[in-house]
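K.L.:
Sharing a structure here in structure tokens format.
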Amino acid sequence: MIKLENVSKVFKGDVVALREANCDINKGEFVFLVGPSGSGKSTMIRLLNKQDEPSTGAIYVAGKHIGELSSWKVPYLRRNIGCVFQDYKLLSNKTVYENVAFALEVIGRPRHVVKTQVPAILELVGLSKKHKNYPDELSGGEQQRVSIARAFVNRPLILLADEPTGNLDPATSVGIMRLLDRINRTGTTVVMATHDRSIVDTMRRRVIELDRGSIVRDQARGVYE
Amino acid sequence: MALNGNYVFRETTANLTRNITLTVASVLTVFVSLAIVGTTVLVRQGAQNMTRQFEGGVEFIVYLDPKINDQQLAAVRKDLGDNPGIRKISYVNQEETYTLFKKLFKGQESILRNVRASDLPTSFKVEPVDKSVISVSQLATLYRKQANVYDVTAATDVIREMKGMTTFVNNGLTLFATFLLVASSLLILNTIRTAMFARRREIEVMKLVGATNWFIRVPFMLEGLVQGLIGGALAVGFVFLARRWLDELLNRSDGLKLLQNFSIASSDVTLACLIVVATAVALSVISSALATRRFLDV
Ligand SMILES: Nc1ncnc2c1ncn2[C@@H]1O[C@H](COP(=O)(O)OP(=O)(O)OP(=O)(O)O)[C@@H](O)[C@H]1O
Ligand SMILES: [Mg+2]
């Protein structure tokens, strides 16, 4: 599903964010990216949906070399990749329902699809009752669930999550992880960058550890350290 | 790409109203610059209409009394023909005069209704041997006093006046209009940039969930187009007013004055409006395309 071949990313000023990274992630896997701050986790995630270009190396997503994708095809690549962030990136002037519906509207989904899919996904994340609320009327955990609903409403093949529990307390984080686990069980490949030791240690999934841009460990059913 | 009409309409109107001060500024600038463009076209066409009769060496026109009879006409023709200072004359009969008249005043029903072919003076177009200003004005004065001659218009007066006017129109107004057009493009560009900046969070989300560049751009480009078109429509209104003013400004007491004077035909107004609208569209499409260009590189 995702394959990195000798991928490096060098930012200006010779900052090497990723160094000769190689890995192969299969369909339906759940992968934790761990490592100290600045080790290149976010950079790797940004490369996967072409928010950034690698300096060298090749990245394959769903069998396609995304470096060779012409720019008008990039949006179609992204429709297969849901994204969740530490800061949720919800639109404050839209309700919960509108935030999720927006993701379908802007890719041209017909209205009847929006009308059936959005309530279904809000049900899945447990926010049916709050669909008319605005983001600032929700707790952090609820906001993150809205953002997961938005990322998943189009049923992407891959879900990328960059520290989705970074701003949440442990109990709320567990709720979010249950949700991501559920999504993973539907066959969606999940790649999640995290600093949360207890989550990694309890889930016991594949762990890829980065250190100063290099992959230093790739372990099935791994732990944080 | 499926563009949802409802979505596009909602986004475009939201953008336009959110930024009302900037929107008004750019619409007004587009209006003023295009009003000048339109008026320039009108004046230029009018000047061209006026000088059109003096083509192919014709230096002055001897207008005859509309009530002239055939013998009197023959006498004037012989007099002009025998003058050694005159190289060539050509007679413009009533029918031809009326055709020219109808062409000049096409669409202006009140004028066309009030003036009949028989009200219009027939004329001789005269090409003198010596085309110097002194010689032409001497000949003009000579024939102005002749029996059965209604009036003489010399190309020297008219064309010199017109030349001055067209030069002013060409250089002055065109330069002025160009600056204003640049200003309006920049204002439209800036309005769209501001709208996009105000919505950068939305745009970021749209890109992440896989909206196409065109989907993101179209509402903003339409915003620019709407601004251009409103400004253009106001300018078209102004062109019609300007035509009215120019008409009123010129004394239209009789058929001769109508022919001699600066006149603007309806086809000239149409031309001016077409140029105004085309400029409005080109201006706004180019500025909005430039403003939203950064979306082409993801
Ligand atoms: N746009 C950029 N321009 C220049 N340098 C960058 C840019 N983005 C990231 N970097 C650098 O690349 C390195 C890796 O950054 P990255 O954000 O991937 O780290 P991270 O593992 O996600 O860290 P954290 O755990 O703190 O989120 C850092 O040294 C960072 O300063
Ligand atoms: Mg990071």
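K.L.:
Show me the helices of chain A, taken as full DSSP H stretches, that run 15 Å or more along their long axis by Cα and average -1.0 or above in Kyte-Doolittle hydropathy. Don't skip to the answer; put the middle values down first.
P.N.:
Details: long enough: A:111-124 (20 Å, 0.40); A:140-152 (18 Å, -0.46); A:170-185 (22 Å, 0.03).
Membrane-span-like by this criterion, though nothing is claimed about a membrane: A:111-124, A:140-152, A:170-185.
K.L.:
With springs only between Cα atoms under 10 Å apart, run a GNM on chain A and tell me which of A:GLY57, A:GLY13, A:GLY108 wobbles the most.
P.N.:
Result for chain A, Cα springs under 10 Å: A:GLY13 fluctuates most.
K.L.:
To continue, here is another question. If I fit a long axis through the Cα atoms of helix B:70-82 and take the longest principal axis of the Cα atoms of chain B, what angle between them do I get, 0 to 90°, rounded to 10?
P.N.:
90 degrees
K.L.:
Report, to the nearest 10°, how far helix B:155-167 tilts away from the longest principal axis of the Cα atoms in chain B, using its own Cα long axis and a range of 0 to 90°.
P.N.:
Helix B:155-167 sits at roughly 10 degrees to that axis.
K.L.:
Computed over the Cα atoms, what is the radius of gyration of the protein assembly as shown divided by 2.2 N^0.38 Å, N being its residue count? Mind dumping the intermediate values first?
P.N.:
On the way: Rg = 38.0 Å, N = 523, 2.2 N^0.38 = 23.7 Å.
Its radius of gyration relative to the 2.2 N^0.38 Å reference: 1.60.
K.L.:
Could you state how much accessible area B:GLU109 has, in square angstrom rounded to the nearest 10, with a 1.4 Å probe and all protein chains kept in place?
P.N.:
Number for this one is 110 Å².
K.L.:
Can you give the local net charge around B:ARG200? Use residues other than it whose beta-carbon is closer than 12 angstrom to its beta-carbon, Lys and Arg +1, Asp and Glu -1. Please report the intermediate quantities before stating the final value.
P.N.:
Values: positive: A:LYS89, B:ARG193, B:ARG199, B:ARG201, B:LYS207, B:ARG294; negative: B:GLU202, B:GLU204.
Summing Lys and Arg as +1 and Asp and Glu as -1 gives +4.
K.L.:
Now, a different point. When only Cα pairs under 8 Å and 6 or more residues apart are kept, what is the percent relative contact order across chain A? Please list the in-between numbers first.
P.N.:
Details: 418 pairs, mean separation 65.1, N = 225.
Computed value for chain A: 29 percent relative contact order.
K.L.:
Heavy atoms only, 1.4 Å probe, whole protein assembly: order B:ARG217, B:ARG18 by accessible area, highest first.
P.N.:
Correct descending sequence by accessible area is B:ARG18, B:ARG217.
K.L.:
Right, something else. Enter the mean number of other protein chain beta carbons within 10 Å of the beta carbon of each residue in A:66-78, as an integer.
P.N.:
On the way: counts 0, 0, 0, 0, 0, 4, 6, 1, 5, 13, 2, 1, 6.
Neighbouring Cβ atoms belonging to other protein chains average 3 per residue here.
K.L.:
Still on this structure, please answer the following. Counting other Cβ atoms within 10 Å of each Cβ, which trypsin sites (Lys or Arg not before Pro) in segment A:127-225 have at most 15 and sit in a DSSP loop?
P.N.:
Counting only loop positions with at most 15 other Cβ atoms within 10 Å, the trypsin sites (Lys or Arg not before Pro) in segment A:127-225 are A:LYS132, A:ARG204, A:ARG212, A:ARG221.
K.L.:
Next question. Rolling a 1.4 angstrom probe over the protein chains, ignoring ligands and nucleic acids, what is the accessible area of A:ASP87 in square angstrom, nearest 10?
P.N.:
Accessible area of A:ASP87: about 80 Å².
K.L.:
Then there's this: Kindly provide the trypsin sites (Lys or Arg not before Pro) of segment A:1-107 that DSSP labels as loop, not H, G, I, E or B, and whose Cβ sees at most 13 other Cβ atoms within 10 Å.
P.N.:
Taking segment A:1-107 and a limit of 13 other Cβ atoms within 10 Å, the loop trypsin sites (Lys or Arg not before Pro) found are A:LYS12, A:LYS27.
K.L.:
Moving on to the next point. Per DSSP H run of n ≥ 4, the term is -39500 (n - 2.57); total these for chain A, divide by its residue number, and report the mean residue ellipticity at 222 nm rounded to 500 deg cm²/dmol. Mind dumping the intermediate values first?
P.N.:
Values: 7 runs with 73 residues, N = 225.
That comes out to -9500 deg cm²/dmol.
K.L.:
Using only Cα atoms and rounding to the nearest 10 degrees, what angle (0 to 90) does helix B:200-209 make with the longest principal axis of chain B?
P.N.:
Helix B:200-209 sits roughly 70 degrees off the main axis of chain B.
The values are calculated or read from the model by the stated rules, or taken from the named source; none is laboratory data. Not measured: the values here are computed from a predicted model. As a convention, Cβ positions derive from the backbone with ideal geometry for all residues, glycine included, and neighbour counts pool all protein chains shown. The accessibility values were calculated without ligands, DNA or RNA, using every heavy atom of the protein model including side chains. Shrake-Rupley method; radii C 1.70, N 1.55, O 1.52, S 1.80 Å.
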